[in-house]
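Notes follow the structure.
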Amino acid sequence: MLALGLLLLVPILMWSSQSLLLYRAGRPIQYRIHSRDLPKRDQQLNRLLTNAIFAAILLAYPLLRGDHPWHYYAAFFPLPDAVPHVLFGAAGAILFLTLLYLAWLLSDQVRFERRHPWPKLLKRLAGVPLTALLVAFVEELLFRAMLLNALLEAWPVPAALATGVVVFASAHYVRSVKRYWTLPGHLALGLLFCTAFIATGNLWLPIGLHAGGVLILMGVRPLIRYHGPPWLVGQSIFPYAGVVGIVALLLLTWCVHIRFGGPPL
Amino acid sequence: VTAPTPQPVLIVSATDPQQHGALQTWLSSQNWAATKWIKPRDVDELDAAVQRGTPAVVFTSWPLYLDALWDNHIHPVDWQVPLHVDPAGPPPSPRDFVALHNTWQHTRRRIRLTAALILSAIAIAAATTILLLAGI
């Protein structure tokens, strides 16, 4: 499977670029992928290289299939669906997350407070909308337009859906991370985005859902402290990884399936 | 053979403790020369700093200490080192604590209300968008 093979190349290339930068800086090679041991200037370069790897993989996939990249990806962006699907997705994700935060606020599971000086806070918040769009755009191209579409071409819907969900969730743990208990939350998130893609056949709805979610999660992050148990309310940018968050994600997935239909699962 | 560097006393203060004359005099009287300034916004790192080792923790004012305690940022019952609050100042009266608690509650209620209003406004806007798109 070409798409899966290319996606599996991503961590290998990320590790290779990290190792090259560590070698150049005279530091020992690390087994795990994380940029903490790199000098500050090389961390920026490492981020740039990671994005270049994503871009190269995205371009390589249609070319290896014999398609023109523009024609291949443009098929996932039908213009008539753009506004209603993006708006519905973003509004759905924002509604569910704000209700979740409201519930935690009123039950004193989270407290809102400014965690950084004003200039740093405003700088962070100003960058959130663009980050949300970029994260949603790149991840949806990789995991839905490239991977899930290839899986759907080769396998029955349930098998493609399950594999798409597991690969998407696992990809969030390729780098060294602080928390691994968030995996069920990422699986539920993957189920939402994959269902949205299968239901509509395009990327507008998953991009709307993804960008709306990242917008709220990153916008709230510098203003919130969690006091409740992580298994219930989540933590940091993972309120959807607590039990209630996972139930909310499954409900949103069901809403998407009811609203947009799609092939039977 | 050189003597090991003494671990610093952790001082939680809104302003630089070096500029705090009475506090410096008190620290000298305790023979504590090395100090580390913890700003109030970093107070949630205090538990970990105490675990790493320190001869004592000093808060330069009662509101700083009580805010950190009531906001659940610090857990002094777990500390095995002396804790001093405004050691250079006059001791507070029981009524002062009532006033401090009222102020803390008022501030937290205001923040909570503001957060709830903003979140509700966003949720209403999102819900309206969905209803409009559904043609209702």
Would you be able to tell me the number of residues in region B:89-132 that are of a type in the set (Gly, Ala, Ser) and away from chain A (no Cβ under 14 Å)? 3
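Return yes when A:Ala60 is small (Gly, Ala, Ser), touching a residue at least 60 places away in the same chain (Cβ under 8 Å) and surrounded by 13 or more Cβ atoms within 10 Å (Cβ to Cβ) and no when it is not.
Criteria not met by A:Ala60.
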I'm checking my understanding of the structure. Among residues of region A:159-201 that are in contact with a Pro (Cβ under 6 Å, 6 or more places away or on another chain) and modelled with pLDDT of 95 or more, which one is farthest from A:Trp231 (Cα to Cα)? A:Phe197
Please give the number of the condition A:Phe193 fails out of (1) out of contact with any Lys or Arg (no Cβ under 7 Å at 6 or more places or on another chain); (2) crowded, with 24+ Cβ neighbours inside 10 Å; (3) not hydroxyl-bearing (Ser, Thr, Tyr). (1)
State whether the residues of region A:94-105 include one that is in a helix (DSSP H, G or I) and closer than 23 Å to A:Met146 by Cβ. no
I'd like to verify a number: residues in region A:249-265 that are open to solvent by less than 20 Å² (accessible area, probe 1.4 Å) and within 26 Å of A:Asp108 (Cβ to Cβ), how many? 2
For the structure I just gave you, tell me whether A:Arg124 is open to solvent by 40 Å² or more (accessible area, probe 1.4 Å), within 14 Å of chain B (Cβ to nearest Cβ) and over 18 Å from A:His210 (Cβ atoms). no
Cβ pairs under 8 Å, 6+ apart or interchain, first in region A:67-90 and modelled with pLDDT of 95 or more and hydrophobic (A, V, I, L, M, F, W, C), second surrounded by 18 or more Cβ atoms within 10 Å (Cβ to Cβ) and outside any helix (DSSP H, G or I), ordered by first then second residue, are A:Phe76/A:Asn202; A:Phe76/A:Leu203; A:Phe77/A:Asn202; A:Phe77/A:Leu203
Hey, does region A:218-241 have a residue that's more than 30 Å from B:Arg108 (Cα to Cα) and surrounded by 19 or more Cβ atoms within 10 Å (Cβ to Cβ)? no
Matching residues in region A:63-120 (closer than 30 Å to B:His73 by Cβ, more than 8 Å from chain B (Cβ to nearest Cβ) and surrounded by 14 or more Cβ atoms within 10 Å (Cβ to Cβ)) number 7
Filtering region A:163-190 down to residues that are buried (at least 22 other Cβ atoms within 10 Å of the Cβ) and in contact (Cβ under 8 Å) with a residue 60 or more places away in the chain yields A:Gly185, A:Leu189
Within region B:45-88, work out how many residues are within 14 Å of chain A (Cβ to nearest Cβ), touching a strand residue (DSSP E or B) at 6+ places or on another chain (Cβ under 8 Å) and among the charged types (D, E, K, R). 2
Complete set of residues in region B:1-25 that are among the hydroxyl-bearing types (Ser, Thr, Tyr) and loosely packed, with under 15 Cβ neighbours inside 10 Å: B:Thr2, B:Thr5, B:Thr15, B:Thr25
Failed item, numbered, when A:Ala160 is tested on (1) open to solvent by less than 40 Å² (accessible area, probe 1.4 Å); (2) touching a residue at least 40 places away in the same chain (Cβ under 8 Å); (3) farther than 25 Å from A:Arg47 by Cα; (4) away from chain B (no Cβ under 14 Å): (2)
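The values are calculated or read from the model by the stated rules, or taken from the named source; none is laboratory data. The model shown is predicted, which means the values in this text are computed figures rather than measured ones. Glycine gets a Cβ as well: all are built from the backbone with ideal geometry, and neighbour counts include every protein chain shown. For accessibility, only protein heavy atoms count, side chains too; no ligands or nucleic acids. Shrake-Rupley method; radii C 1.70, N 1.55, O 1.52, S 1.80 Å.
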